[in-house]
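Let me begin by presenting the structure, written as structure tokens, before commenting on it.
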Ligand code: THU
């Protein structure tokens, strides 16, 4: 037998202002999207903005449902829209911002497992990394250079 060590490399910025201007602009789009969140059940609003290689920006927010599992996270709302609207256009970067209406969220909020799996699908399909930046309402921002970096041992089409 042998042991395998898997590592992820993340960059942590102290605040949004430390980031390059184009990333700040994308995060602001994610903030605007978060304001459109429909989250009456969790009171947790999430916004996501995706930069495409054609310079279009696609956004999404979490959309909840009285039948809880029928709701959808912001990241998947955005990425499915991008895939549906701009098939074949490479996705370069995703910015995510999240916050609770019940308390101040200053921890960076990473995409959930189901969203990572969904983002991975497009990263594998386009054979180009999707950079991710995520944060809470304020405070630190985390960057991952790719989705694969956040989802070791990803299940993808190569196994089918
Ligand atoms: N949520 C997202 O939109 N993205 C995530 O990655 C984590 C969770 C949403 C789902 C639900 O509407 C609320 O946040 C609380 O889980």
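Results, tabulated for the structure shown:
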quantity: Output for segment 77-108, where each listed residue is buried (at least 19 other Cβ atoms within 10 Å of the Cβ) and farther than 11 Å from residue 50 by Cβ; calculated: 97, 98, 99, 105, 108
quantity: Where a residue in segment 70-90 is over 15 Å from residue 147 (Cβ atoms) and its partner, wherever it lies, is away from the ligand (no atom under 16 Å from the Cβ), with Cβ under 8 Å and at least six apart; calculated: 86/52; 86/54; 86/56; 89/52; 89/53; 89/54; 89/56
quantity: Hits in segment 58-69 (condition: away from the ligand (no atom under 11 Å from the Cβ) and either assigned to a helix (DSSP H, G or I) or surrounded by 15 or more Cβ atoms within 10 Å (Cβ to Cβ) (or both)); calculated: 58, 59
quantity: Qualifying positions in segment 28-48 - outside any loop (DSSP other than H, G, I, E, B) and within 13 Å of the ligand (Cβ to nearest atom); calculated: 30, 33, 34, 38, 44, 45, 46, 47, 48
quantity: Answer from 77, 105, 90 - the residue that is over 19 Å from residue 26 (Cα atoms) and within 17 Å of the chain's Cα centre (by Cα); calculated: 105
quantity: Positions within segment 104-137 being near the ligand (Cβ under 10 Å from one of its atoms) and part of a loop (DSSP other than H, G, I, E, B), in sequence order; calculated: 109, 110, 111, 112
quantity: Extreme residue, nearest to the ligand (Cβ to nearest atom), among residues of segment 70-86 that are under 18 Å from residue 35 (Cα atoms) and not in a helix (DSSP H, G or I); calculated: 73
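Values quoted throughout were computed directly from the atomic coordinates according to the rules given, and no laboratory measurement underlies them. What you see is a predicted model; the values in this text were computed from it and never measured. FYI the Cβ positions are ideal-geometry reconstructions off the backbone, even for glycines, and counts take in every protein chain you see.
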